[in-house]
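Here is the structure we will look at.
The values are calculated or read from the model by the stated rules, or taken from the named source; none is laboratory data. Here the structure is a predicted model, which means the values were calculated and not measured. Neighbour counts are summed over all protein chains in view; Cβ atoms, including those assigned to glycine, are modelled from backbone coordinates with ideal geometry.
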Amino acid sequence: ARVDKGGHKHFMAKEIAEQPTVLAEAIRSYLTPDGKGIALPGDGIDFTAVDRLTMVACGTASYACLTAKYWFEQYARIPVDVDIASEFRYREPPIPARTTALFVSQSGETADTLAALRYCQRKAERIVSVVNVPESSIARESDLALPIHAGVEVGVASTKAFTCQLVVLLLLALKAASDREEITAEELAAHLADLRALPGVLNAALDRGKDVRKVARKLAEARDVLFLGRGLMYPLALEGALKLKEISYIHAEAYASGELKHGPIALIDKTVPVVVMAPRDALFDKTVSNMQEVMARGGKVVLVTDAEGLRDAGDGVWQQITLPSVAPILTPILYALPAQQLAYHTAIAKGTDVDQPRNLAKSVTVE
Ligand code: G6P
């Protein structure tokens, strides 16, 4: 099918805006008709038979994997290894018994990810992939391929594929938690009800684009930007930094907030904006003290949080982006939007080619 920009200036803008719709479809396609259970295609996955997950991907898809590690370990108590495919394939890691290998790829054709998958054939108990293109090599060579239903993604910087990958991985983690009796049927149904309501919340968040544009005009003047996040927000910080450097060409780095003292704090001065992704969760107080350390050194904090977080952050925040409050388990999907929008509007302010950034390819099919 021919894909057009549907009235948007760029494919990336269209694909950001489409997320509530495609996510709703992805969610619907994995739920039982009553909405209270999870139904996987084919013979599904029985997580009581899985002792370990090895997740492998490149780029944005690898940050979806890193997010999923937090979900699988916290909610389902399954140990998870996450690796980027180019490292994994040449390290030739041992694969313990009862390991499921999980590959995440929008295109399903990334050369390193495909090679990593082939390495796992006959070593891992089972090969599962999470893909956007069901006819792709990675899907065909897997024992089970799970589609993310994002539709065609044209923008080189992945947006809707990332959030759809997160949805499918979250559903897998919840299925694992339920199979292993780490959560009850009622708890599962409650999580799924929250998830079904998420597309509506995303629509509300997208409407707040004005805040983001204002912050982006400031970021466009920076030479370096630091992203910080803790727990589930750490992979999101990595994704925010990746998006920004990919399309605005501003040097951006991400650190786990707790690592601030172990290096990046040396870079802080008034020329380096620090984007802190922090919903008002159990770890928020720790993040506030990290922010104070930044501000004490003249650093400019851009706080991405909810109304409660803004209230508890105290004085001195330079710029803010406020999001609706959602269940803690869903924050990575919601916070992906400002990460994408910040990069998009910063690139627009700088006048770079958003859909076709220099030196980058949509799908890296050669090594
Ligand atoms: C390239 C793209 C990224 C993508 C990565 C992995 O670097 O520019 O947007 O995240 O490849 O691609 P895949 O198709 O395997 O998800």
Exercise. Can you run down the residue pairs with Cβ atoms below 9 Å, 6 or more apart or on separate chains, where the first is in segment 94-108 and on the phi > 0 side of the Ramachandran plot and the partner is surrounded by fewer than 24 Cβ atoms within 10 Å (Cβ to Cβ) and modelled with pLDDT under 95?
Key: Gly108/Ser363
Quiz item: If we keep just the residues of segment 135-150 that are in a loop (DSSP other than H, G, I, E, B) and within 21 Å of the chain's Cα centre (by Cα), which is farthest from the ligand (Cβ to nearest atom)?
Solution: His149
Quiz item: Do the conditions hold for Ser107, that is, is it surrounded by 20 or more Cβ atoms within 10 Å (Cβ to Cβ) and among the hydroxyl-bearing types (Ser, Thr, Tyr)?
Solution: yes
Exercise. Mind telling me which of the residues Ala97, Ala85 ends up being over 15 Å from Ala176 (Cβ atoms) and away from the ligand (no atom under 12 Å from the Cβ)?
Key: Ala97
Quiz prompt | Residue count for segment 332-354, restricted to those that are under 22 Å from Val168 (Cβ atoms) and modelled with pLDDT under 95 | solution = 0
Self-check item: Filtered residues of segment 100-121 (kept if more than 13 Å from the ligand (Cβ to nearest atom) and over 20 Å from the mean Cα position of the chain (by Cα))
Solution: Thr100, Arg118, Tyr119, Cys120, Gln121
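Conditions tested, residue by residue: (1) closer than 19 Å to Phe162 by Cα; (2) at pLDDT 95 or above; (3) in a helix (DSSP H, G or I).
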| position | (1), (2), (3) |
| --- | --- |
| Gly7 | no, no, no |
| Glu15 | yes, yes, yes |
| Thr21 | yes, yes, yes |
| Leu40 | no, yes, no |
| Ala68 | yes, yes, yes |
| Glu73 | no, yes, yes |
| Ser86 | no, yes, yes |
Exercise. List every residue pair whose Cβ atoms lie under 9 Å apart, where the two residues are 6 or more positions apart in sequence or sit on different chains, the first residue falls within segment 48-74 and is more than 19 Å from Pro96 (Cβ to Cβ) and touching a residue at least 60 places away in the same chain (Cβ under 8 Å), and the second residue, located anywhere, is surrounded by 23 or more Cβ atoms within 10 Å (Cβ to Cβ) and aromatic (Phe, Trp, Tyr).
Key: Thr60/Phe162; Ala61/Phe103; Ala61/Phe162; Tyr63/Phe162; Ala64/Phe162; Leu66/Tyr234; Thr67/Tyr234; Tyr70/Tyr234
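So which residues in segment 337-352 are touching a residue at least 24 places away in the same chain (Cβ under 8 Å), away from the ligand (no atom under 13 Å from the Cβ) and not β-branched (Val, Ile, Thr)?
Leu337, Pro338, Ala339, Gln341, Leu342, Tyr344, His345, Ala347, Ala349, Lys350
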Practice problem: Residues being within 11 Å of the ligand (Cβ to nearest atom) and on the phi < 0 side of the Ramachandran plot: count how many of those fall in segment 357-367. | Solution: 7
Practice problem: Name, by its number, the condition in (1) among the acidic types (Asp, Glu); (2) within 13 Å of the ligand (Cβ to nearest atom); (3) surrounded by fewer than 24 Cβ atoms within 10 Å (Cβ to Cβ) that does not hold for Glu153. | Solution: (3)
